[in-house]
There are 4 protein chains.
Amino acid sequence: MTIEASKSEQRAAKIRLGMVGGGQGAFIGAVHRMAARLDDHYDLVAGALSSTPEKSLASGRDLGLDPTRCYGSFEEMAEKEAARPDGIEAVSIVTPNHMHYPAAKAFLERGIHVICDKPLTSNLDDAKKLKEVADKAKALFILTHNYTGYPMVRHARELVQNGELGEIRLVQMEYPQDWLAEPVEQTGAKQAVWRTDPAQSGVGGSTGDIGTHAYNLGSFISGLELEELAADVHTFVEGRRLDDNAHVMLRFQGGAKGLLWCSQVATGNENGLKVRIYGTKAGIEWTQADPNYLWYTKLGEPKQLITRGGAGAGGAAARVTRIPGGHPEGYLEAFATIYSEAAQAILAARTGAAVDPDVVYPTVDDGVKGVAFVTACIESSKQNGAWVRVSSR
Amino acid sequence: MTIEASKSEQRAAKIRLGMVGGGQGAFIGAVHRMAARLDDHYDLVAGALSSTPEKSLASGRDLGLDPTRCYGSFEEMAEKEAARPDGIEAVSIVTPNHMHYPAAKAFLERGIHVICDKPLTSNLDDAKKLKEVADKAKALFILTHNYTGYPMVRHARELVQNGELGEIRLVQMEYPQDWLAEPVEQTGAKQAVWRTDPAQSGVGGSTGDIGTHAYNLGSFISGLELEELAADVHTFVEGRRLDDNAHVMLRFQGGAKGLLWCSQVATGNENGLKVRIYGTKAGIEWTQADPNYLWYTKLGEPKQLITRGGAGAGGAAARVTRIPGGHPEGYLEAFATIYSEAAQAILAARTGAAVDPDVVYPTVDDGVKGVAFVTACIESSKQNGAWVRVSSR
Amino acid sequence: MTIEASKSEQRAAKIRLGMVGGGQGAFIGAVHRMAARLDDHYDLVAGALSSTPEKSLASGRDLGLDPTRCYGSFEEMAEKEAARPDGIEAVSIVTPNHMHYPAAKAFLERGIHVICDKPLTSNLDDAKKLKEVADKAKALFILTHNYTGYPMVRHARELVQNGELGEIRLVQMEYPQDWLAEPVEQTGAKQAVWRTDPAQSGVGGSTGDIGTHAYNLGSFISGLELEELAADVHTFVEGRRLDDNAHVMLRFQGGAKGLLWCSQVATGNENGLKVRIYGTKAGIEWTQADPNYLWYTKLGEPKQLITRGGAGAGGAAARVTRIPGGHPEGYLEAFATIYSEAAQAILAARTGAAVDPDVVYPTVDDGVKGVAFVTACIESSKQNGAWVRVSSR
Amino acid sequence: MTIEASKSEQRAAKIRLGMVGGGQGAFIGAVHRMAARLDDHYDLVAGALSSTPEKSLASGRDLGLDPTRCYGSFEEMAEKEAARPDGIEAVSIVTPNHMHYPAAKAFLERGIHVICDKPLTSNLDDAKKLKEVADKAKALFILTHNYTGYPMVRHARELVQNGELGEIRLVQMEYPQDWLAEPVEQTGAKQAVWRTDPAQSGVGGSTGDIGTHAYNLGSFISGLELEELAADVHTFVEGRRLDDNAHVMLRFQGGAKGLLWCSQVATGNENGLKVRIYGTKAGIEWTQADPNYLWYTKLGEPKQLITRGGAGAGGAAARVTRIPGGHPEGYLEAFATIYSEAAQAILAARTGAAVDPDVVYPTVDDGVKGVAFVTACIESSKQNGAWVRVSSR
């Protein structure tokens, strides 16, 4: 089976999907819906899209949902959908962070698969509890660290796994943005308000919102486990309640080292996520804003620019590539890949079949690691940058 | 109304869509389907996907189509779907070029909207006849010159329309590829076989397949009408029956000049479509492989890099932008924009409402111009590069 | 012997150099002087730097010249320096084009080596006469098509010569600028005034000033001889007396084809010289503004970015490289390479030694070809773009 | 007075220069000589080029030096040249680091100006002593942190000084290389041997060799003083005696923060020096390998690419620019700018004139700061990354 449903020999029935959050005015909900649609594995049939029944209904009408399946709360949706013979098989959770745990729990415990936005939860306690729930559940848990879906990220990971980089020495990650360079949350901008609110966002600001992405991506590609970190976490914008910049030094198990920089005040950067990994035999560099390219340099050889769909891109990239090289795929396609890999697992779960081992969507374990990373950053910074061991246990 | 169906206040019923061509092994059919799905305006419900009933059925099953709506020919599909009360409202034609005219005619004459791949037809006679049919029909005709859907292409066009470039002097277009640098059609590669076959592709090879794209894009952005051209069209690969490289000098009405280069043998180029336009006040440069950027330089000022979703991108770009800056959109998103603008027009046609003037998908007129361009290239080249007037009348 | 004098085993006496043109307010004269100094092969000891004795003396003083060797005319300088036992061995001619022929003749006929700026002359007659003079002279003639001195240009040429590109199909050259987008010559700007004056510049404007550079560079790298061309040469700026834009289609001996675009009105371009060459086995791309890089793609392999001084750069590049990779060399270094290769030949001429075959500075023959190219462009354009054979005989 | 001697109204006599180090097989000596020649302010007339009289003489002959002024030691040179009426006025010190202090002292105390390679010394004690000597001396001390000579670096600094960036929040510096990814010093490679030898190089490896460059450049542009740092300094290559990678977190006076990464094992990087600075009003980014460009983004406006010699580059860049935009200047030109600014100061010192305040070459104070930075990195790392105050007092 490949990424696109349309390539299947015999079409399976589409997966009935619900959504929590993502109503009018939201950003990431629409992204999840486009991602779910692109490869045609899902039918969105129910939603608890907003915090009140009225708004939820209005948002549901926009999406063409059956009004009787537009719920006023996730609890109601979980209960009622679980009771329907044609109830949802999976749910996308696209709320602010603090809702991830209770919502995911409600669905997982009813055997409904969960596709959840990152970070996993707003704090490490919730993360660990969610892991317990997920581990026990019969349903799957998929975390949308969407950048892992980019074909050239997959290729980078494959290079590492194939030993092409040799022993890894350095993992350099950065994710600079500039959209919070000024106190826009004070103007009421919805995306800024909740992301800078500890009650909704959790312990970390930039660290939770984008630092986790960078950390996840470096881990995904390198395959390394973080051992300890030393962080200088800071809030530059006066009155802001969460961090908007962090400098982190990293030590991985096995001796590799790294740096991670995330910032929401670095003017001139939109979503400047970049990962660079250097080993004894080769180095790679990947930039999210230009995702169809991977720089790859073997020690003592010319730099190579591997392109998605081009010569030099291997099987792992090909598996998640939809169109030929030179026709760029973007953010939504990478996001859709997570949804399609989730679909592969969910469809396999229908029949008890084994999931293709190439399906590598992020899991609850990755989510716990991410929250542990944020927690350690904050802890280290409180100790003036002392090294803090990172444990997701 | 915006690009995404999900943003509409009250969701309209989705458009019932059929497809001609695009069965197993095809490339562009899947692209059209993804494009149709992304913004959720269409339901694919019928198809004449292959040249035999058996293959068409097999391909239809893959897509989850009702077997009774998998037809063995476009004629059958046109007839039967037109007779159904729930028949298709629109059809995507994604066959080789020579089929565009008869298939489009069959649907248009039955009042079914046509979304057709480019070039319009395989020769100028067909193109003119198709225009006659389309002009008389009650149904709409949309040509998928998909590159016009990129947000930064829209922004470039808006800059020109707003006079920001001043009087245009130069329109430089190029579209180099390398996938036909060797005679791969002799190995049976499906995409290469039909594209190098005059019976299926028409009079032009590279000129028809990609030269038309470049020409269309230059025209779309600049708003200029071509007056005459001088071409040196060539086939480098021995045994190939259509051109694989063309050099064209252009003169536009009003005095602007241009160059167009298309090639399928330029090793190192995937889909290197680039348009550069220079006026008395400013110049712009856009490259398809990196579509989220537009270089914009006002005379005597620093170069600006306008980004999709970033500061400096105007209303025309914003209208067709789905996600924030720094998260790249790609080829499928641009393609989807054509589908979504088609949907806006089709939905308006349901009720007789006026179409938003910002809807600017390519039409049958653009298609005739494209075929006239190819025809003139071939004609000029036969006359050893003499200037040939380009007329789509 | 290598590029830098300082690497020689036993230092030869420096070459006594004079200069014609290049006085106060000139641009290219200072460039020649820096180029002559960089590798320490020359001593500038005499000059006819300006058109009057007073200005020439003032300019000479600025440069620390002996006032008795600051001449009021090149004729005087040629005569007097030839008569001195310590007279100049070589002269740099950096005047407007129309002076190249008489000045070069005066020195060559007295056995003084000539290093002359491009284009060779202001018209083809002069060019052919200068070739006759140079061919008969005992002195050397070096033409400063300086871009041929860039290490990655040398590497590109070596790749072609080694057959790495296979049979060449396409040579695409462009040289867009924007400094004449407005009629700046009417403001008295010195560089613009003479370059747009037929009496000083010759038959070609942009074609002569930069088109010759692009054409020379394409020829230098590809090794191909031009057979015929068809040109659309134009003047966009009202009142300008020479062309400021040209579109040229090219046919080379042996079947390769090409395009050449030069422009002085392409806003946003400073010195956008680019050469792309495509063969049956590989393609290359080089851009003057980023000269330390060469894109090199073998058919069916990933793109390689060869860097000056890096892995993948061969012997021809290494010969003219001064500093390690990653520390950029620029325009002056490339220019200096022409001077240093000229020095190698001049030093060899002192003793009658053979010149290293790797010394490949442009000669009078290249100069005649350049003027023939310009002449053919103008001729073709007068014939409305008819193909014109290019003959330097 | 401008950068080029040739632009001066009345030419001053050139500065008589000597050199310590830089004999056969050296790298940086040739760079200094080219830098000294480019703008024609110096005559190299004496040298203690190697560690033995024989080698020094051989090297001197290569350079055309008078054999009687080729000395076997810097002590001898200092003594004898100081005694000559036509003795050197200035000396370039281009030895390994441990020789900088004694050599500089010998010349400074005799009133001979010193142009010294970086880092200032091999340890902080020497650095402080050298500062004492320099402060007392009548001669000037210039430190060749050559990257400060790039025009776009000057422009960046000018933007900061003019307040265009607002209050600076972040200074991000990196300098990755890969030439020591393997233990090449064990093969006897001269450049690697001394740079990895604590006796010659000092306390820092990568930190001293390139970390100081990055730190100096960040300070030069931002104008900020470092307060404290926390470092994780490491040696990846087994058997190497000095660090080859360092991660450093920085806190500046006034509240700005920064990261610095230097590495000699980051495969795929040649001299990847990059500085990014973000303030409340704008951000800038400059990369040494592409030095003619400066990215400049004002908050809420499109990104600008400022080019050397182009629109948007201000007076500070213009002062040190030799050739028009689009014709790249490189490493040697930037290096030459340091030499030319040194010449301006030395020529002023001849007459007691004031030095142009725009002359901003690095001084002994910058050198002490650099060694203090390295020392603090090593100290912090010994304390497992504890914050260490950086004091150059």
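Among the residues making up region C:229-262, those that are among the charged types (D, E, K, R) and within 7 Å of chain B (Cβ to nearest Cβ) are C:Asp232, C:Lys257. Of all residues in region B:94-143, those that are within 12 Å of B:Val20 (Cα to Cα) and charged (D, E, K, R) total 1.
Only residues that are within 11 Å of chain C (Cβ to nearest Cβ) and touching a residue at least 60 places away in the same chain (Cβ under 8 Å) were counted in region D:310-330, giving 2. Check whether at least one residue in region D:80-87 is in contact (Cβ under 8 Å) with a residue 60 or more places away in the chain and among the aliphatic types (A, V, I, L, M), and report yes or no. Scanning region D:80-87, I find no residue that is in contact (Cβ under 8 Å) with a residue 60 or more places away in the chain and among the aliphatic types (A, V, I, L, M), so the answer is no. Comparison of C:Pro53, C:Pro102 shows that the only residue that is at pLDDT below 95, farther than 21 Å from C:Gln191 by Cβ and not assigned by the TED database to the domain that holds C:Thr207 is C:Pro53. When restricted to residues that are in a loop (DSSP other than H, G, I, E, B), polar (S, T, N, Q) and under 19 Å from A:Arg251 (Cβ atoms), region A:351-393 contains 4.
Go over the candidates D:Ile210, D:Ile277 one by one and state the one that is of a type in the set (Val, Ile, Thr), more than 14 Å from chain C (Cβ to nearest Cβ) and surrounded by 21 or more Cβ atoms within 10 Å (Cβ to Cβ). Even if it seems obvious, please write down each step before you answer.
Working: D:Ile210 fails: more than 14 Å from chain C (Cβ to nearest Cβ).
The match here is D:Ile277.
Looking for whichever is over 19 Å from the mean Cα position of the chain (by Cα), in a loop (DSSP other than H, G, I, E, B), over 23 Å from C:Glu329 (Cα atoms) and not aromatic (Phe, Trp, Tyr) here; the options are D:Gly283, D:Gly300, D:Gly268, D:Gly326. Which one fits?
D:Gly300
Looking at D:Leu260, D:Leu305, which one is at pLDDT 95 or above, in a strand (DSSP E or B) and surrounded by 24 or more Cβ atoms within 10 Å (Cβ to Cβ)?
Working: D:Leu305 fails: surrounded by 24 or more Cβ atoms within 10 Å (Cβ to Cβ).
Unique residue meeting the criteria: D:Leu260.
Report yes if some residue within region D:173-181 is among the aliphatic types (A, V, I, L, M) and under 14 Å from the mean Cα position of the chain (by Cα); otherwise report no. No, because not a single residue in region D:173-181 is among the aliphatic types (A, V, I, L, M) and under 14 Å from the mean Cα position of the chain (by Cα).
Residues in region A:347-361: is at least one in contact with a Gly (Cβ under 6 Å, 6 or more places away or on another chain) and not acidic (Asp, Glu)? Even if it seems obvious, please write down each step before you answer.
Filtering region A:347-361 down to residues in contact with a Gly (Cβ under 6 Å, 6 or more places away or on another chain) leaves none.
Checked against the condition, which is being in contact with a Gly (Cβ under 6 Å, 6 or more places away or on another chain) and not acidic (Asp, Glu), region A:347-361 yields no hits at all.
Name the single residue that is nearest to C:His327 (Cα to Cα) among those in region C:280-296 being among the polar types (S, T, N, Q) and within 14 Å of chain D (Cβ to nearest Cβ). Among them, the one singled out is C:Asn292. Reported count of residues in region A:104-144, each being among the basic types (Lys, Arg), under 25 Å from A:Val390 (Cβ atoms) and surrounded by fewer than 20 Cβ atoms within 10 Å (Cβ to Cβ), is 3.
Do you know which of the residues in region D:103-125 that are among the charged types (D, E, K, R) and touching a residue at least 60 places away in the same chain (Cβ under 8 Å) is nearest to D:Phe335 (Cα to Cα)?
Across region D:103-125, the extreme among qualifying residues is D:Asp117.
Which of the following residues is closer than 30 Å to B:Lys128 by Cα and out of contact with any Gly (no Cβ under 9 Å at 6 or more places or on another chain): B:Ala386, B:Ala336, B:Ala342? Let's see the steps before the verdict.
Numbers: B:Ala386 fails: out of contact with any Gly (no Cβ under 9 Å at 6 or more places or on another chain); B:Ala336 fails: out of contact with any Gly (no Cβ under 9 Å at 6 or more places or on another chain).
Going through B:Ala386, B:Ala336, B:Ala342 in turn, the sole match is B:Ala342.
Take C:Ile88 and tell me if it is away from chain D (no Cβ under 14 Å), part of a strand (DSSP E or B) and not hydroxyl-bearing (Ser, Thr, Tyr).
On the way: away from chain D (no Cβ under 14 Å): yes; part of a strand (DSSP E or B): no; not hydroxyl-bearing (Ser, Thr, Tyr): yes.
No; evaluated as a whole, the condition is false for this residue.
Looking across region A:23-35 at every residue that is more than 9 Å from chain B (Cβ to nearest Cβ) and part of a loop (DSSP other than H, G, I, E, B), the one that is farthest from A:Thr337 (Cα to Cα) is identified as A:Gly25.
Exactly one of these conditions fails for D:Ala348: (1) in contact (Cβ under 8 Å) with a residue 60 or more places away in the chain; (2) in a helix (DSSP H, G or I). Give me its number. The one condition D:Ala348 does not meet is (1).
Please verify whether region D:5-20 includes one or more residues that are assigned to a helix (DSSP H, G or I), away from chain C (no Cβ under 13 Å) and surrounded by fewer than 17 Cβ atoms within 10 Å (Cβ to Cβ).
The initial filter retains those residues of region D:5-20 that are assigned to a helix (DSSP H, G or I), namely D:5-7.
Within this subset, residues satisfying the condition of being away from chain C (no Cβ under 13 Å) are none.
Checking region D:5-20: not a single residue is assigned to a helix (DSSP H, G or I), away from chain C (no Cβ under 13 Å) and surrounded by fewer than 17 Cβ atoms within 10 Å (Cβ to Cβ).
Of all residues in region A:139-195, those satisfying the criterion of being touching a helix residue (DSSP H, G or I) at 6+ places or on another chain (Cβ under 6 Å), of a type in the set (A, V, I, L, M, F, W, C), farther than 30 Å from A:Gly300 by Cα and touching a residue at least 24 places away in the same chain (Cβ under 8 Å) are A:Ala139, A:Leu140, A:Phe141, A:Ile142, A:Leu143, A:Trp194. Does C:Ala134 satisfy the criteria of being assigned by the TED database to the domain that holds C:Gln264 and out of contact with any Asp or Glu (no Cβ under 8 Å at 6 or more places or on another chain)? So C:Ala134 fails the test. The residues on offer are B:Ser380, B:Ser340, and the sole one that is crowded, with 19+ Cβ neighbours inside 10 Å, among the hydroxyl-bearing types (Ser, Thr, Tyr) and in contact with a Leu (Cβ under 7 Å, 6 or more places away or on another chain) is B:Ser380. Is it the case that region C:60-82 has a residue that's part of a helix (DSSP H, G or I), surrounded by fewer than 24 Cβ atoms within 10 Å (Cβ to Cβ), facing chain D (nearest Cβ under 9 Å) and at pLDDT below 95? Yes; the residues of region C:60-82 include at least one that is part of a helix (DSSP H, G or I), surrounded by fewer than 24 Cβ atoms within 10 Å (Cβ to Cβ), facing chain D (nearest Cβ under 9 Å) and at pLDDT below 95.
The values are calculated or read from the model by the stated rules, or taken from the named source; none is laboratory data. Everything quoted here is computed from the prediction, not taken from an experiment. Note that we place each Cβ from the backbone using ideal geometry, even for glycine, and neighbour counts take in every protein chain shown.
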